[in-house]
There are 2 protein chains.
Amino acid sequence: MRQAENHLVRSLPLFANVSEKHFDELMSTAFLQRFPQGITLIREGDLPDFLHIVVEGSVELFASHDAHETVLDILKPMTTFILAAVIRDEVYLKSARTLSAAQILMIPAQAVRDVFDQDPAFARALVNELAARYRCVVRALKDEKLRNSTERLANWILQEDAHQGNKHQIALGIDKRTLASRLGMTPENLSRNLAQLSKHGVVNSGHDFIIEDIDALRSFAKPNSLIDQ
Amino acid sequence: MRQAENHLVRSLPLFANVSEKHFDELMSTAFLQRFPQGITLIREGDLPDFLHIVVEGSVELFASHDAHETVLDILKPMTTFILAAVIRDEVYLKSARTLSAAQILMIPAQAVRDVFDQDPAFARALVNELAARYRCVVRALKDEKLRNSTERLANWILQEDAHQGNKHQIALGIDKRTLASRLGMTPENLSRNLAQLSKHGVVNSGHDFIIEDIDALRSFAKPNSLIDQ
DNA sequence: CGTCACTTTGATGCTGATCAAAAATGGTGG
DNA sequence: CCACCATTTTTGATCAGCATCAAAGTGACG
């Protein structure tokens, strides 16, 4: 792994207070690997070999059952995934594939468990990370069960605007098909929902969404700090 | 706390390898409290004071938004809850209320965090428990997104039969209103879904469900080890 | 300027929620 | 033991949300 990325990884909260020795132990066996778009990184049902961290690009977590598939999350840098499976050494419950070209840091699962037992700072950081991931899933479940698809879209727009610096102009970055899947709706429905939101201050301009009346959007979306991040 | 319960708690995986000293430290500040049915134990949005463990009875986790409420989980002994909020010292994302009279062990949040930092065995056990809880939520999210309500009911019956010893006769224990809520459907729909399942080997006899043809039920339910426990 | 992929629009059907009412169940007191 | 009442459960009718299939529109790019 090159110096630049090493430094980037070192600065992650997960490794913040880990001793130099243990950080080196983790990194000495780790790979930083580039993948093209559309590659399946892990498959549900397999046993975990590595803890994965998205360093660049984006990754989609999904699951299948009886010829149906659903997107459970979309990850951007710097996020760990399949931490719970690594800790328990049990099969993955989700699959993962790259949504764009991506760089993934892969740390052998056994090394993660070993350093966890030796380094209290790493243990603390890891449990914090896992708790954070847990809370994300709970938020996703609440979003799914307590809102309809138009409300999910409206809140996604508000959140994304905040992430992109409250410019009231949101660059999509992904195609609408993927966004639809992320939001738990079909592309057709996303289209119709966007049409709905024009009544609530949102305009769809090519690959951007523009918020023309944020108060109207807020009052429709009813954002909730116990669901949205 | 009485000796009997102390022993029960001591034998939980969470405390299995914790030193006597640290176990006593946790227990010395803990309460074992009885609650009647229908008591709200925690409210979403509040900050955590205690880690909770269901010792007896059952507890419902739920969340509300915009005049809607949804049941996220039903807990039986011995299960921890709100572990993630305790670890991160952040507000609860769910509320909890007793579904029956219940006994709850409450360990001060600060004690949990302190012992975590001092006792590697407790740290290991706690991260294992949190990972297990994480995987439960992921399973719930998949169940919700990948199955319709009849399939959820069919799989619940299969699981409950296994828990109750494969007698092919399942005692409900809770009223159908609560079961419906647990399974993410209205009582009306539960009733209709049960009628549907009579085509697939399930008979509804008073407060019991009877599986008359488990192969038919299995073939309809399509149980999946990556969704069901 | 034509092709191909993506997106939108239209028509239709399924799933599950809601409201209303009937039926079944269970407990209580005469 | 039975009649009565309250509660739970079931049944029926209707409606909203979302998926699906089909077709038309749009835009990027060779």
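Here, each number is a calculation from the coordinates, and none is a lab measurement. Computed from a prediction, not measured in an experiment: that's the story for all the values here. All Cβ positions, glycine included, derive from the backbone under ideal geometry; neighbour counts span all protein chains shown.
A few notes on this one:
- Measuring nothing but how far apart in sequence close Cα pairs (under 8 Å, 6+ apart) lie, relative to its length, region A:61-135 scores a relative contact order of 24 percent.
- FRET efficiency for A:Lys21 and B:Ala101, using Cβ-Cβ distance with R0 set to 35 Å, rounded to 0.05: 0.10
- GNM result for chain A, Cα springs below 10 Å: residue of A:Leu217, A:Leu14, A:Leu141 fluctuating most strongly: A:Leu141
- Helix axis angle, B:109-118 relative to chain B longest principal axis, alpha carbon, degrees: 70
- Helix axis angle, A:120-146 relative to chain A longest principal axis, alpha carbon, degrees: 20
- Value of [θ]222 nm, deg cm²/dmol, for chain B, DSSP H segments ≥ 4, -39500 (n - 2.57) each, nearest 500: -13500 deg cm²/dmol
- Kirkwood-type radius of region A:169-215, with distances r between different C-alpha atoms, in Å: 10.9
- Folded to 0 to 90 degrees: helix B:187-197 orientation relative to chain B principal axis, Cα: 60
- Working note: Karplus 6.51/-1.76/1.60 with θ = phi - 60° gives region B:58-71 the couplings 9, 10, 10, 9, 9, 9, 10, 6, 6, 6, 10, 9, 9, 7 Hz, where Gly and Pro are set to x.
- HN-Hα J in Hz across region A:8-21 - Karplus 6.51, -1.76, 1.60, θ = phi - 60°, x for Gly and Pro: 4, 5, 4, 7, 5, x, 4, 10, 3, 10, 6, 5, 4, 4
- Under 30 Å of direct C-alpha separation, and excluding same-chain neighbours fewer than eight residues apart, B:Lys94 reaches these lysines: A:Lys76, A:Lys94, A:Lys142, A:Lys145, A:Lys222, B:Lys76, B:Lys142, B:Lys145, B:Lys176.
- Loop-located trypsin sites (Lys or Arg not before Pro) in region B:153-186 whose Cβ has at most 16 other Cβ within 10 Å (DSSP): B:Lys167
- For chain B, relative contact order (Cα pairs under 8 Å, six or more residues apart, normalised by length) works out to 19 percent.
- Checking every one of the trypsin sites (Lys or Arg not before Pro) in region A:82-139 against DSSP loop status and a limit of 15 other Cβ atoms within 10 Å picks out no site at all.
- Rounded to the nearest 20, the Cβ-based charge dipole of chain A about its Cα centre (Lys and Arg +1, Asp and Glu -1) stands at 480 debye.
- Region A:18-115: C-alpha gyration tensor shape, a/c 1.5 cut-off, then a/b vs b/c: oblate
- GNM on chain A, alpha-carbon springs under 10 angstrom: the most fluctuating residue among A:Val203, A:Val55, A:Val112 is A:Val203.
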